[in-house]
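Q: I'd like to ask some things about the structure below.
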Amino acid sequence: MATPVAFRVFESEALWYRRVWRGSVFSSFLNPVLYLLAMGLGLGTLVDANLPEGVEGVSYLTFLAPGLLAATAMQTGAGEGSWKIMAGIKWRKSYHAKLATPIGVRDLVFGLMLWAAFRVLLVSFVFAIVMVAFRVSPLWQSLLAIGPALLVGVAMAAATTSYTVRIKNDVNLAMYFRFVVIPMFLFSGVFFPITQLPEWLQPIAFITPLWHGVQMCRALVVGVEPVIAPWISIAYLTGWIVAGTALALAPFRRRLKP
Amino acid sequence: MTNLIEARGLTKTFGDFTAVDAIDFHVVEGESFGFLGPNGAGKTSTMRMIGAVSPISAGSLTVLGLDPMKDGPQLRSRLGVIPQEENLDLELTVTENLVMYGRYFDMSRSEIRARVDDLLEFSQLTEKRDDKVEALSGGMKRRLTIARGLINDPDLLILDEPTTGLDPQARHILWDRLYRLKQQGVTLLITTHYMDEAEQLCDRLVVMDKAQIVAEGSPSSLIEEHSPREVVELRFAVGVLEEVSEQLDGLAKRTEILADRALLYTDDAEQTIHEINEAGFEHEAVLVRRSSLEDVFLRLTGRSLVE
Ligand SMILES: Nc1ncnc2c1ncn2[C@@H]1O[C@H](COP(=O)(O)OP(=O)(O)OP(=O)(O)O)[C@@H](O)[C@H]1O
Ligand SMILES: [Mg+2]
C-alpha cells in the first residue's frame, strides 16, 4: 500500500529531527520547569500573599501552569512555521528537492503541518508531565489539556507558515516575533486574567488563538467554568488551521514552482 | 525509436520577460541530449518545465508520453533530477540522504537498501557512506546528487550543469560516471556551458542563446556545418591586432577578431599559415587546432561562450 504522500514529508522531517532531538527535548523540558519555578513559585508567592482568595480562585502557580502550556504550544507552532520554513525555501532548499519527486506542493504543506502537530504534541506532553511534577493537576487532567494546546500550536504553525511564505527575508520574521508572537504571549491571559487589561484591549485578546487555548486548558486543569463554550474555541482554532494552511498553498506554489 | 520528450513552441515567461521563446526539440530514447548556452539562455527554465516543477507558459510539451502540467506526480516518479543548485541535506549522512530521497518515491526501506550499495559504489562514495554531507568536497556532493537522482531507477535523467564549479579532475571523474550511464542506456538530458563537455557527452545537442535555439545537431555535424575544419589562432603584441585586422580578412574562410588574438577558420591550415607568412605579419604565436563547438557558438552568436 502506498504511503500517503504528505506522510513522506512528515517522515523526512522526522529523520532530520533525529539529528537535533536531544537538544530540543532538553529545552522543551527545561523551559516549563524554569518558567514554573520563577513565575509560578517565585512570583506566585508574592501574588498569593496579596490575594488570599487566589487568582480566579486558585494559587498563582495553578492559574499560570495551564496558560503556559497553551503558550508553549503556541510558540512551538510559531517556531515550526517560521525559520524552518524560510530555511526550506531559501537556505537549505530542501523543499525544492522534495518537489522534484512525486511530492506536490499540497502534500508538502500538509506534511509540514502534520510534523508541526507532532512537535507541538511532544512539547505539550513534556509540559503536562512537568505540571504533574509540580502538583498542579493530576495526570489525566494534565493529559486532557494537551488537546487544546495542540489546536493552538497547529493554528499558529499554519498562520505563521502562511506569513513566512509571503515574505522575502528573515528580518520580517524577527519583526513578526517581536510584534506579534511576544505580545500575544504576554497579553492573552497566560500571566493574568485579561479582565485586568484596559477595556479596549480585551477584544484583541479574544481574537488571538492563544487566548482560546488558554481558556480551554485552564478550564480542564483548574476545573473552572470555561469563559466561552469550548466548542466555539475549538471551531475558531480549527478555522485558523484551515485558513492558514489554505492561504499558504498559493504562495508556496508561486515560490517553489515559478 | 520513441521520443521521450517532444516540445513544440515551448515558451516560458516570467511577467513580461520571456525566458524560453517558442523552442522546438525532441529527445529520443537512449540518447544523450544537450542544451548548450551561456548564462541566462533559458536552459534551467527549460529543464524545470520538463521536470514538471514549473508550469509551461505556451506551446506543448510531452515527457515520457505524459503531460507535465497534468500528470506531474506520475511523471516526476520516473525522472531523476540533478538540479543546478545543490540541495542535499547537509546535516544528514551520505546514506541518509539517499534513504530519505528514496522514501519520497515511496520505495520500501529494503528496496532502498538494496540500491544504496550499488549507488555508493557507482558514485565512488562507499567510504564516505556514514559521513555528513557537509564534510564532502564539491565533486563528491555532485556525485552524491547524481546517485540520489538515480535512486528510483529513472527513465530519464536531467542534469542541469553537472560539472559547473568543479576542478578538471572532478569533472573527468563525473564525465566517466555519466558515460557509464549512457552505456547502460539511460537517456540523459544535460545542460552545460562547456563545449568540451557537450562534445564528450552528447549525441545530439541544441545551442541556446537568448531564450531561443540557434542550432541543432550532433557535435560533429554542428562543427561541420558552422565552422571550417581547422582554426589558426594568431596572437599579436598589444596594439598590433587592430592595425592588421583588416588585412587578415581575405586569408581564411572566416575571421574572428577577439581581444587578444585572431581566429582564422580554414579547411587547410597549412596553406593558411603559408599565406600568413608570405604576407609577413608580425605575430607572436601561431596555434593550429581542430574546430570545436566553441567556434560554432562564436559563429552563431558573435560572442564567446565563457567570458
Ligand atoms: N523565477 C524567475 N523569475 C523571474 N525571472 C527568472 C526566473 N527564473 C529565471 N528567470 C530569468 O530567466 C532567464 C533564463 O534563466 P535560466 O535560469 O533558465 O538560464 P540558464 O540558461 O539556466 O542560465 P545559467 O547558465 O546561468 O544557469 C534569466 O534571465 C533569468 O533571470
Ligand atoms: Mg541554469
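Q: May I ask you to say which residue of B:Val238, B:Val232 is among the β-branched types (Val, Ile, Thr), away from ligand 1 (no atom under 16 Å from the Cβ) and open to solvent by 60 Å² or more (accessible area, probe 1.4 Å)?
A: On the way: B:Val232 fails: open to solvent by 60 Å² or more (accessible area, probe 1.4 Å).
Only one candidate qualifies: B:Val238.
Q: Would you mention how many residues in segment A:127-155 are open to solvent by less than 30 Å² (accessible area, probe 1.4 Å) and farther than 19 Å from A:Tyr35 by Cβ?
A: Let us first name the residues in segment A:127-155 that are open to solvent by less than 30 Å² (accessible area, probe 1.4 Å), namely A:127-128, A:130-131, A:136-137, A:142, A:145-146, A:148-149, A:152-155.
Adding the requirement that they be farther than 19 Å from A:Tyr35 by Cβ leaves A:154-155.
Count: 2.
Okay, residues lined up against (1) part of a helix (DSSP H, G or I); (2) farther than 19 Å from B:Ile82 by Cβ:
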residue: B:Ser110; (1), (2): yes, yes
residue: B:Arg113; (1), (2): yes, yes
residue: B:Asp117; (1), (2): yes, yes
residue: B:Leu120; (1), (2): yes, no
residue: B:Asp130; (1), (2): no, yes
residue: B:Lys141; (1), (2): yes, no
residue: B:Thr145; (1), (2): yes, no
residue: B:Asp153; (1), (2): no, no
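Q: Can I ask one more? Only one of B:Pro38, B:Pro55 is within 12 Å of ligand 1 (Cβ to nearest atom), away from chain A (no Cβ under 12 Å) and part of a loop (DSSP other than H, G, I, E, B); which? Please lay out each step first, then the result.
A: Values: B:Pro55 fails: away from chain A (no Cβ under 12 Å).
Result of the check over B:Pro38, B:Pro55: B:Pro38.
Q: OK, next. When you go through B:Gly102, B:Gly80 one by one, which is the residue that is in a strand (DSSP E or B), more than 16 Å from ligand 1 (Cβ to nearest atom) and closer than 25 Å to A:Gly104 by Cβ?
A: Numbers: B:Gly102 fails: in a strand (DSSP E or B).
One residue alone meets the criteria, B:Gly80.
Q: Give segment B:13-53 a look and list any residue that's within 12 Å of ligand 2 (Cβ to nearest atom) and polar (S, T, N, Q), or say none.
A: Passing the criteria: B:Asn39, B:Thr44, B:Ser45, B:Thr46.
Q: Condition first: touching a helix residue (DSSP H, G or I) at 6+ places or on another chain (Cβ under 7 Å) and among the small types (Gly, Ala, Ser). Now tell me which residues in segment B:185-207 satisfy that.
A: B:Ala198
Q: Can you tell me which residue among A:Ile89, A:Ile103 is in contact with a His (Cβ under 9 Å, 6 or more places away or on another chain) and within 14 Å of another protein chain (Cβ to nearest Cβ)? It would help to see each step written out before you state the result.
A: Working: A:Ile103 fails: in contact with a His (Cβ under 9 Å, 6 or more places away or on another chain).
One residue alone meets the criteria, A:Ile89.
Q: Say whether the condition of being open to solvent by less than 20 Å² (accessible area, probe 1.4 Å), aliphatic (A, V, I, L, M) and farther than 30 Å from A:Val136 by Cα is met by at least one residue in segment A:189-211.
A: No, that holds for no residue.
Q: Looking at segment A:170-191, is at least one residue more than 17 Å from the chain's Cα centre (by Cα), more than 30 Å from A:Asp48 (Cα to Cα) and not hydrophobic (A, V, I, L, M, F, W, C)? Quick ask: steps written out before the conclusion?
A: Applying the first criterion (more than 17 Å from the chain's Cα centre (by Cα)) to segment A:170-191 yields A:170-172, A:174-175.
From what's left, more than 30 Å from A:Asp48 (Cα to Cα): A:170-172, A:174-175.
Checking the rest, the ones that are also not hydrophobic (A, V, I, L, M, F, W, C) come to A:170, A:172.
Among the residues of segment A:170-191, at least one is more than 17 Å from the chain's Cα centre (by Cα), more than 30 Å from A:Asp48 (Cα to Cα) and not hydrophobic (A, V, I, L, M, F, W, C), which makes the answer yes.
Q: Out of (1) more than 25 Å from A:Ser124 (Cα to Cα); (2) touching a helix residue (DSSP H, G or I) at 6+ places or on another chain (Cβ under 8 Å); (3) modelled with pLDDT under 90, the odd one out for A:Asn50 is which?
A: It is condition (2) that A:Asn50 fails.
Q: Just checking, which of A:Val120, A:Val25, A:Val58 is among the aliphatic types (A, V, I, L, M), more than 24 Å from the chain's Cα centre (by Cα) and more than 30 Å from B:Met49 (Cα to Cα)? Outline the logic, then answer.
A: Values: A:Val120 fails: more than 24 Å from the chain's Cα centre (by Cα); A:Val25 fails: more than 24 Å from the chain's Cα centre (by Cα).
The unique qualifying residue is A:Val58.
Q: Here's a check for you: in segment B:1-35, which residue that is in a loop (DSSP other than H, G, I, E, B) and in contact (Cβ under 8 Å) with a residue 12 or more places away in the chain is nearest to ligand 1 (Cβ to nearest atom)? Don't jump to the end; show me each part of the working.
A: Taking segment B:1-35 as the starting set, the residues that turn out to be in a loop (DSSP other than H, G, I, E, B) are B:1-2, B:15-16, B:29-31.
Next cut, in contact (Cβ under 8 Å) with a residue 12 or more places away in the chain only: B:1-2, B:29-31.
On the way: B:Met1: 28, B:Thr2: 27, B:Glu29: 25, B:Gly30: 25, B:Glu31: 21 Å.
Ranking the qualifying residues of segment B:1-35, first place goes to B:Glu31.
Q: Can you list the helices (runs of 4 or more DSSP H) lying wholly within segment A:1-86 that have 3 or more residues being open to solvent by less than 40 Å² (accessible area, probe 1.4 Å) and more than 20 Å from A:Gly147 (Cα to Cα)? Steps first, please.
A: On the way: elements: A:5-17, A:21-35, A:44-50, A:60-80, A:83-86.
Where helices (runs of 4 or more DSSP H) fall fully within segment A:1-86 and carry at least 3 residues being open to solvent by less than 40 Å² (accessible area, probe 1.4 Å) and more than 20 Å from A:Gly147 (Cα to Cα), they are A:5-17, A:83-86.
Q: Give me the residue from segment B:62-74 that is open to solvent by 10 Å² or more (accessible area, probe 1.4 Å) and part of a strand (DSSP E or B) and, out of that set, nearest to B:Thr44 (Cα to Cα).
A: Per the criteria, the residue is B:Thr62.
Q: Which residues, counting only those in segment B:245-275, are within 20 Å of B:Gly302 (Cα to Cα), surrounded by 13 or more Cβ atoms within 10 Å (Cβ to Cβ) and among the hydrophobic types (A, V, I, L, M, F, W, C)?
A: Of everything in segment B:245-275, those that are within 20 Å of B:Gly302 (Cα to Cα), surrounded by 13 or more Cβ atoms within 10 Å (Cβ to Cβ) and among the hydrophobic types (A, V, I, L, M, F, W, C) turn out to be B:Leu248, B:Leu251, B:Ala252, B:Ile257, B:Ala262, B:Leu263, B:Leu264.
Q: If you don't mind, another one. Failed condition for A:Val171, given (1) of a type in the set (Val, Ile, Thr); (2) touching a Pro at 6+ places or on another chain (Cβ under 9 Å); (3) surrounded by fewer than 22 Cβ atoms within 10 Å (Cβ to Cβ), with all others met?
A: Tallying (1) of a type in the set (Val, Ile, Thr); (2) touching a Pro at 6+ places or on another chain (Cβ under 9 Å); (3) surrounded by fewer than 22 Cβ atoms within 10 Å (Cβ to Cβ), A:Val171 fails exactly one: (2).
Q: Could you list, in sequence order, all residues of segment B:75-112 that are more than 9 Å from chain A (Cβ to nearest Cβ), open to solvent by 40 Å² or more (accessible area, probe 1.4 Å) and in contact (Cβ under 8 Å) with a residue 40 or more places away in the chain?
A: Hits for segment B:75-112 are B:Arg78, B:Gln84.
Q: Restricting to segment B:126-162, and then to whatever is more than 16 Å from ligand 1 (Cβ to nearest atom) and β-branched (Val, Ile, Thr), can you tell me which residue is most open to solvent (accessible area, probe 1.4 Å)? Walk me through it before giving the result.
A: Kept after step one, since they are more than 16 Å from ligand 1 (Cβ to nearest atom), are these residues of segment B:126-162: B:126-141, B:143-144, B:146-157.
From what is left, the residues that are β-branched (Val, Ile, Thr) are B:126, B:133, B:146, B:151.
Details: B:Thr126: 64, B:Val133: 0, B:Ile146: 4, B:Ile151: 1 Å².
The qualifying residue most open to solvent (accessible area, probe 1.4 Å) is B:Thr126.
Q: Could you go through segment A:23-32 and let me know if any residue there is more than 19 Å from A:Gln215 (Cβ to Cβ), of a type outside the set (Phe, Trp, Tyr) and within 14 Å of chain B (Cβ to nearest Cβ).
A: yes
Q: Quick one: count up the residues across segment B:210-222 that are touching a residue at least 40 places away in the same chain (Cβ under 8 Å) and open to solvent by less than 20 Å² (accessible area, probe 1.4 Å). Lay out the reasoning, then the answer.
A: Of all residues in segment B:210-222, those touching a residue at least 40 places away in the same chain (Cβ under 8 Å) come to B:210-216, B:219, B:222.
Retained after the next criterion (residues that are open to solvent by less than 20 Å² (accessible area, probe 1.4 Å)): B:211, B:215, B:219, B:222.
Residues that pass the stated criteria total 4.
Q: How do the pairs read when you match residues in segment B:142-162 that are within 13 Å of chain A (Cβ to nearest Cβ) with residues anywhere that are assigned to a loop (DSSP other than H, G, I, E, B) and within 16 Å of ligand 2 (Cβ to nearest atom), using Cβ under 6 Å and keeping only pairs 6 or more apart or on different chains?
A: Pairs found: B:Ile158/B:Gly51; B:Asp160/B:Pro83; B:Asp160/B:Gln84.
The values are calculated or read from the model by the stated rules, or taken from the named source; none is laboratory data. This structure is a prediction, so every number in the text was calculated from the model and none was measured. In this analysis, Cβ positions are derived from the backbone assuming ideal geometry, glycine residues included, and neighbour counts consider all displayed protein chains. Note: accessible area is taken over every heavy atom of the protein model, side chains too, but ligands, DNA and RNA are not part of it. Shrake-Rupley method; radii C 1.70, N 1.55, O 1.52, S 1.80 Å.
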